[in-house]
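Encoded as structure tokens, the structure appears first; notes follow it.
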Amino acid sequence: MVRRILLVLSCFLGLWCPAAAQPAAKVLRVLAWPGYADPEVLQGFSQRTGARVELTIVGSDEAMRQRLQANKGADFDVFALNTAELQQYIEQGLARPIELQRIPNTRRQLARFRELTAIPGLSRRRDGLLQVFAVPYTFSEMGLIYDRRQFSAPPSSLQELWDPRWKGKVLAYAGGTHNFSLAALALGQSQPFQLEESRWPAAIDKLVALRRNVLGFYSLPEESVQLFLRHRVALMYANYGMQQVHLLKAAGADVGYVIPREGALAWLDCWAISTAARDPELAHAWVNFMLEEPASSLLVTRQGLANTVSESVSSSSQVPLRWLEPVENEQRREQLWARIQSGDRPSKVLQR
């Protein structure tokens, strides 16, 4: 009887003890934008590493701030964000320095994306050491989309948005922060993200003139496509760049896309690693994997975006891009823009 009891007990332990001793499956918690990590990408990473990916999608910078700041970044291991937003997370201690030796696929990137110190906001020097806090992943220039049927030659300058020939046939973006940077760029100012006090009146005059020349302003890419087609728009300032071109062509529009000679504002989204990452090695493996196929190619073929490993139709290395940076006063820009949109004359915008 005793031997039987011991045999049963040993069988019981044999069934459960080995399972209990096995390490828990690795989990990577990712915070990203729609389309940045499609199902086949998640599956490929899991097959490569044996880790399960928990993907959380956000649709705005504000939503990302809420997610990351809610628990001091402890809810996520890796996240995607633009270079302008990155600054606050570095200051708050929520983003850790990247160990570039763990991301060999950066060698696959285009030369201008390997020059990390040349991209504002990606790196900082601390105690004499250069630290990099994010790796470029996808980007889009804010170029000009035009109807080929209405232009005998592609537009070459931002000034086309103000040309009286196209009055009532121009679409522009509704965001005040970006529009003041656009006005500064069109005026030839070298610092579109840091307006000096003496330059505000000229920027306001320029935006009032834009309001008078456009059909209207859009917020979302889908909205811009609907307005473009419904009203036979001739020219559109493309805040979402090639993503809008992708949508318009899918809808049957015959459009072209150019970067004006003044250059273009551009957003650059990167992968950053949380200071509270549970498994930094796995987080680095994710960033490295996202610079391979199919993730990089799907950004182009499925999302209409550009990646950092291959030249897109518009991403010539000769194009001067102004990567978004934090502005001098976002609240002020938005308040003044609201007054401009409401119909105030230039002389009254600053007086209220």
Dmax and Rg, reported as Rg then Dmax, of region 71-125 (C-alpha, Å): 12.4, 37
In the chain, lysine pairs closer than 20 Å at Cα, eight or more apart or cross-chain: 4
Rough spin-label spacing in nm, given labels placed 7 Å along Cα→Cβ, for Ala174 and Ala202: 3.0 nm
Helix 39-49 vs. the chain, principal-axis angle (Cα, 0 to 90°, nearest 10): 40 degrees
Distance histogram in 10 Å bins (all Cα pairs of region 36-107, percent per bin): 15, 43, 37, 5
Calculated diffusion of region 198-352, Stokes-Einstein form, Kirkwood radius summed over Cα pairs, 25 °C and 0.890 mPa s, µm²/s: 131 µm²/s
Sparse-neighbour loop sites [GluC sites (Glu not before Pro); region 137-224; at most 15 other C-beta within 10 Å; DSSP]: Glu196
Sites Asp75 and Ala153 - FRET efficiency at Förster radius 35 Å, r taken between beta-carbons, to 0.05: 0.10
Taking the chain and dividing mean pair separation by its residue count, relative contact order in percent (alpha carbons under 8 Å, at least six apart): 27 percent
P(r) tail fraction, the chain - alpha-carbon pairs more than 30 Å apart, %: 45 percent
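All of the numbers you see were taken from the coordinates with simple rules; none came from a lab. Keep in mind that what you see is a predicted model, and the values were worked out from it rather than measured. A quick note on method: Cβ atoms are made from the backbone with ideal geometry, for glycine too, and the neighbour counts reach across all protein chains shown.
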